[in-house]
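Take a look at the structure below.
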Amino acid sequence: MPLEPPPTPWQFPEVDDVDETGLVGIGADHEPGTVLAAYRAGLFPMPVEPGGPMGWWSPDPRGVLPLERLVVSRSLRRSIRSFEIRVDTAFPEVLDHCADPGRPHGWIDEQIREAYLALHELGWVHSVETWQDGKLVGGLYGVAIGGLFAGESMFHLVNDASKVALVALVDALDDGELRLIDVQWRTDHLASLGVVEWPRSRYLEVLPRLLASPPSPVFSHGERTIPEA
């Protein structure tokens, strides 16, 4: 089971009192207790600008992937057989690939990296990885609290590698419990995989039930290889 960090001394503003960007507040710290409190309140951290202060966001609408909405093309289903799927065997490497400063729209700075490494050590943040011929070629990472998986970022070095990680994650989470993957904002790429938009009010209404769901067994066994999706 994840270890609960010391509680945060900070109190977040009400998420309904935000501007059109979804920015709820600026500042605070990025200690594990603060970051977890944010997710439990329907927020997530992201710098306001590269190298700038930490912002706390709750966009409206919210990009989410209900498990049953996942779209898997025939070509993607064929690609799955080309990869080995592992969980939490190379988390720092996944994080570093996602934080590559050469990627467009990069936002993972050193304070974000430190925050999620600490949360990973406590058992709250996980990576789903795709491997080929013993090499890490893609993956994703996110925060798992109860039935909520808050996806933070993904990367690929070969075609379909990040998509296959997402398919494996959905298949692993699909265990009959209430589950939802939060992707923050819908993009055209994510929409092609089944991501939809929910009003903030709906997301906040469902969130307490998600948090109360039992954690997925896929993240309770430490470093492991999981069956093909």
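Of note:
- Residue within region 99-108 that is surrounded by 20 or more Cβ atoms within 10 Å (Cβ to Cβ), under 23 Å from GLU49 (Cα atoms) and under 19 Å from the mean Cα position of the chain (by Cα) present: yes
- Residue ranges of strands (runs of 3 or more DSSP E) in region 51-100 with at least 1 members modelled with pLDDT of 95 or more and small (Gly, Ala, Ser): 62-65
- Total residues in region 47-66, condition under 21 Å from LEU211 (Cβ atoms) and surrounded by fewer than 17 Cβ atoms within 10 Å (Cβ to Cβ): 2
- Contact map, region 26-55: residues that are on the phi > 0 side of the Ramachandran plot paired with residues that are of a type in the set (Ser, Thr, Tyr) and buried (at least 16 other Cβ atoms within 10 Å of the Cβ), Cβ distance under 6 Å, separation 6+ or inter-chain. Pairs shown: ALA28/THR34; GLY42/SER58.
- Search result, residues across region 14-36 that are farther than 25 Å from HIS120 by Cβ and crowded, with 19+ Cβ neighbours inside 10 Å: VAL15, VAL18, GLY22
- Sole exception among (1) within 21 Å of LEU117 (Cα to Cα); (2) in contact with an Asp or Glu (Cβ under 9 Å, 6 or more places away or on another chain) for GLU20, by number: (1)
- Residue check, GLY134 farther than 17 Å from VAL218 by Cβ, free of Cβ contacts under 8 Å to residues at least 60 places away in the same chain and not polar (S, T, N, Q): yes
- Test for VAL94: is it touching a Lys or Arg at 6+ places or on another chain (Cβ under 7 Å) and under 24 Å from GLU121 (Cβ atoms): no
- Qualifying residue in region 108-122 (condition: out of contact with any Asp or Glu (no Cβ under 8 Å at 6 or more places or on another chain) and of a type in the set (S, T, N, Q)): yes
- Residue within region 10-26 that is under 30 Å from LEU193 (Cβ atoms), in a strand (DSSP E or B) and of a type outside the set (Ser, Thr, Tyr) present: yes
- Residue pairs whose Cβ atoms lie under 8 Å apart, separated by 6 or more positions or on different chains, with the first residue in region 141-166 and free of Cβ contacts under 8 Å to residues at least 40 places away in the same chain and more than 19 Å from LEU67 (Cβ to Cβ) and the second buried (at least 23 other Cβ atoms within 10 Å of the Cβ) and among the hydrophobic types (A, V, I, L, M, F, W, C), are HIS156/VAL137; VAL158/VAL137.
- Residue in region 185-198 that is surrounded by fewer than 17 Cβ atoms within 10 Å (Cβ to Cβ) and under 20 Å from ALA38 (Cβ atoms) present: yes
The values are calculated or read from the model by the stated rules, or taken from the named source; none is laboratory data. Computed from a predicted model, the values in this text were never measured in an experiment. All Cβ positions, even for glycine, are placed from backbone atoms using ideal geometry, and neighbour counts span all protein chains on display.
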